[in-house]
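Each remark here refers to the structure printed beneath this line.
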Amino acid sequence: MSTTRFPMKLRDIRSAGRTFWHLGILLLWALIIGLDLLHVRFPSDEMSSLRDGPEANKLHSIKQALEQAASIYRTRDMSVPTDRVIGIWPDFDATKLGGKPIFSGADPQSITDPQIRAAYVQALVDHEKLLSRLPIELHKLQEGDHCASGALRIFQTSSDPASLMKAVANQIESMPEATWIKERLSKVMFLGSPSKKPSASASDTKG
């Protein structure tokens, strides 16, 4: 009698063990899924939390202003040096043609070598085109700065500037723009000003 009941209890124990094992696995999966849902609901990333928080409208408006500024910056002609003052006359290195450097807007007719004279005349034409383009390109940068300054004004009304600043920095970094555009946006947003003031070029001292 006793020999028949013991195997039954052993089978019951084994069956119960398998049941508890399966329940343990299910509880573990439930815990993992629950933690994952909590991470989605309460993310640690500042930008994501701001999207769900009271600063969401500010972040959205800042993003729009930055994208508008970047679209204006993209129209800039990078061949025009807007980061420095351009002299009235171009510096022309005639040594490449066997002559001497020409400064201070020399009269082309005073150049005896026809090859050097023709090259210098072309340099004058190119420089004139550059001067005519400079105000246009500077205006583009100013318009872009104006849009970015709008984003700055929104940022300055934030009740959580530390989190918003990090979110905006991440936003700028993730923008598919040229490096110089990202740097200019960052300077307007975090330094309150665009790039450095134009510096005098060598031609200004000779022009």
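The values are calculated or read from the model by the stated rules, or taken from the named source; none is laboratory data. Model, not experiment: these values are computed from the prediction. Cβ atoms come from the backbone with ideal geometry, glycine included; neighbour counts cover every protein chain shown. Side chains are part of the model used for accessible areas, which takes the heavy atoms of the whole protein and leaves out ligands, DNA and RNA. Shrake-Rupley method; radii C 1.70, N 1.55, O 1.52, S 1.80 Å.
What to note about this one:
- By the compact-protein rule of thumb, 2.2 N^0.38 Å, the alpha-carbon radius of gyration of segment 94-176 corresponds to a ratio of 2.05.
- Taking all protein chains together and a 1.4 Å probe, the residues 155, 190 rank 190, 155 from largest to smallest accessible area.
- The charge dipole of segment 59-141, taken about the Cα centre with unit charges on the Cβ atoms of Lys, Arg (+1) and Asp, Glu (-1), comes to about 260 debye, rounded to the nearest 20.
- Sequence of 113, 145 when ordered by accessible area, the most exposed leading, probe 1.4 angstrom: 113, 145
- Solvent-accessible surface (1.4 angstrom probe) belonging to residue 79, in square angstrom, nearest 10: 90
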